[in-house]
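Let me begin by presenting the structure, written as structure tokens, before commenting on it.
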Amino acid sequence: MIAANYPKVTQFATPEAFREYLKKEQIEIGLADKIPAGKDSALSKPAECYGKTIGNRWSILPMEGWDCEANGAPSELTKRRWLRFAQSGAKLLYGTEAAAVMHAGRSNPYQLMVADHTAEALKNVLAEMRAAHQAKFGTADDLMVGLQLTHSGRYSHPNRSDKLEARTAWAHPLLDKKFHCGPENVVSDAEVEDIVKHFVHAAEIAYNAGFDFVDIKHAHGYLGYEFLTAYDRKGKYGGSFENRTRFFREIAEGIKEKCPNLAISARVGLFDIIPFIKGEDGVGKPMDWEGPYPYAFGGAGDGLNMDPDLKETAQFVKMLQSCGVELICATIGSPYYNVHMQRPAWYPVCDGYLPPENPLYNVSRHLKAVKRIRELCPGIKVVGSGYTALQEYLPNAAEYALEHDQTDFVGIGRMVLSYPEICADVLAGKPLDRRHICRTFGDCTNAPRHGMVSGCYPLDEFYRSREECPKLRALLKDKH
């Protein structure tokens, strides 16, 4: 299936033609006509953060590969991905991987885990990454590498079974219905305190392994993010803003006590909307709800739009700054319940739905949210996301956003799986390798949905030659 009525990016031969289309559709995405090579490019400018110089404005976003060992240690496939990140040309590897802080919080049985038994392997792979980056680019002194720490909460699936083992922050009236959860899945205060300890211990392991910072994930509907919307939760972790942000503060305080020299960051979902489901026509539609929708963090209250003042989001980011956070990585929505907004694409994933809006409109929502939070929270540095769907024009949008002070770093996720060299190629003024530009086919998600390792099966020759590829093709063909 492909989104109907929305022209694909490949139909536009020039930035001018693409710009005219965006203007006609009233989609606010700026495009630079050209990207200067070398030091004249905004993408090439260094940035200062946490007392360190980051060599350029490209960033690699953290993802899950479904390819670690059963015990949570990085596998050879994990190492291959990470080394490709290190050789991409990006100087900020933001979070590297979504890494669970405990077995019960893993989103899948092969998710990376930060624990005592994986510490040495993490240290070794990180050392290889720095060496590979230095060998290719002459220095790794201006390379900053972080590790994302997370607990999957509602989406925990740590064991090989068909059943989620959800741990939720509160009983959500729509998400509980969608994912078959209930009050019995809500974590107790005592369980939260134990999870906090696991985050702090994982940060110690990351620090000893040599990572420059840890990212405490508060996005995409995972546990940290759910606490931000726990308006109806009783006790010290719910209700008031102070209580709903206590989870982050306790983690940050614990890290500062154990590792005072370790920088702390956060992946932040800037705003959310109501959960979507597939309609009878295959197109996504909001779940049934009457009246104002109060559970979308950063939302306007109607369930579909961003609060233009991002009131609570700005309050949260300013709190992060008071905790010593200088850098956040921005995102919107969730890949589990409103994927059309969180990950704009023309091709829906196998358990998803056709986009109810132009995918490019949702790219613009990412960009506008980053621009707005920077205006509201002076001094915070932000990694923007949502760029991959722009395909050939990703570099043009990246250059424009940086030139016009709309973001601090340009983060790429799916694109780096098929074409990690895009960062170095753009900085060197080379033509893009069109054979490897991500076309949002979604197989990097479809494969994990079927229990296979993630990768770009259509465009990365390595994954195309693996035994999973024909199996995945057959499975997807049967579904269509």
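Within region 368-412, which residues are of a type in the set (Lys, Arg) and open to solvent by less than 10 Å² (accessible area, probe 1.4 Å)?
Filtering region 368-412 down to residues of a type in the set (Lys, Arg) leaves 368, 371-372, 374, 381.
Answer for region 368-412, where residues must be of a type in the set (Lys, Arg) and open to solvent by less than 10 Å² (accessible area, probe 1.4 Å): there is none.
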* Of the residues that sit in region 268-301 and are touching a Pro at 6+ places or on another chain (Cβ under 7 Å) and not aromatic (Phe, Trp, Tyr), which one is most open to solvent (accessible area, probe 1.4 Å)? -> Lys285
* Asked: Here is a list of conditions, (1) farther than 23 Å from Thr440 by Cα; (2) open to solvent by 40 Å² or more (accessible area, probe 1.4 Å), and Leu320 meets all of them except one; can you say which number that is?
  -> (2)
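Condition (residue is in a loop (DSSP other than H, G, I, E, B), over 30 Å from Asn124 (Cα atoms), open to solvent by less than 20 Å² (accessible area, probe 1.4 Å) and not β-branched (Val, Ile, Thr)) applied to region 309-317: is it met by at least one residue?
Yes: region 309-317 contains one or more residues that are in a loop (DSSP other than H, G, I, E, B), over 30 Å from Asn124 (Cα atoms), open to solvent by less than 20 Å² (accessible area, probe 1.4 Å) and not β-branched (Val, Ile, Thr).
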* Asked: Given Leu122, Leu149, Leu126, which one is assigned to a strand (DSSP E or B) and either at pLDDT 95 or above or open to solvent by less than 10 Å² (accessible area, probe 1.4 Å) (or both)?
  -> Leu149
* **Exclusive hit being within 24 Å of Lys371 (Cβ to Cβ) and of a type outside the set (Gly, Ala, Ser), set Phe247, Phe297** => Phe297
* Structure fact -> Checked region 179-205 for anything in contact (Cβ under 8 Å) with a residue 12 or more places away in the chain, more than 23 Å from Leu122 (Cα to Cα) and either open to solvent by less than 70 Å² (accessible area, probe 1.4 Å) or touching a helix residue (DSSP H, G or I) at 6+ places or on another chain (Cβ under 7 Å) (or both); matches are Phe179, Cys181, Asn185, Val186, Val187, Asp189, Glu191, Val192
* Asked: Taking Glu204, is it touching a Lys or Arg at 6+ places or on another chain (Cβ under 6 Å) and farther than 27 Å from Ile274 by Cβ?
  -> yes
* Structure fact -> Among the residues of region 230-252, the number that are open to solvent by 10 Å² or more (accessible area, probe 1.4 Å), in contact (Cβ under 8 Å) with a residue 60 or more places away in the chain and under 21 Å from Leu149 (Cα atoms) is 1
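Sort through Tyr347, Tyr361, Tyr353, Tyr337 and tell me the only one that's in contact (Cβ under 8 Å) with a residue 40 or more places away in the chain, open to solvent by 30 Å² or more (accessible area, probe 1.4 Å) and touching a Gly at 6+ places or on another chain (Cβ under 7 Å). Before you say what the answer is, go through the steps one by one.
Working: Tyr361 fails: touching a Gly at 6+ places or on another chain (Cβ under 7 Å); Tyr353 fails: open to solvent by 30 Å² or more (accessible area, probe 1.4 Å); Tyr337 fails: open to solvent by 30 Å² or more (accessible area, probe 1.4 Å).
Of Tyr347, Tyr361, Tyr353, Tyr337, the one residue that is in contact (Cβ under 8 Å) with a residue 40 or more places away in the chain, open to solvent by 30 Å² or more (accessible area, probe 1.4 Å) and touching a Gly at 6+ places or on another chain (Cβ under 7 Å) is Tyr347.
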* **Hits in region 413-452 (condition: open to solvent by less than 20 Å² (accessible area, probe 1.4 Å), over 24 Å from Pro36 (Cα atoms), of a type outside the set (S, T, N, Q) and in a loop (DSSP other than H, G, I, E, B))** => Gly442
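The values are calculated or read from the model by the stated rules, or taken from the named source; none is laboratory data. Quantities reported herein were computed from a predicted structural model and do not represent experimental measurements. Glycine gets a Cβ as well: all are built from the backbone with ideal geometry, and neighbour counts include every protein chain shown. We work out accessible area using only protein heavy atoms, side chains counted, and drop any ligands, DNA or RNA first. Shrake-Rupley method; radii C 1.70, N 1.55, O 1.52, S 1.80 Å.
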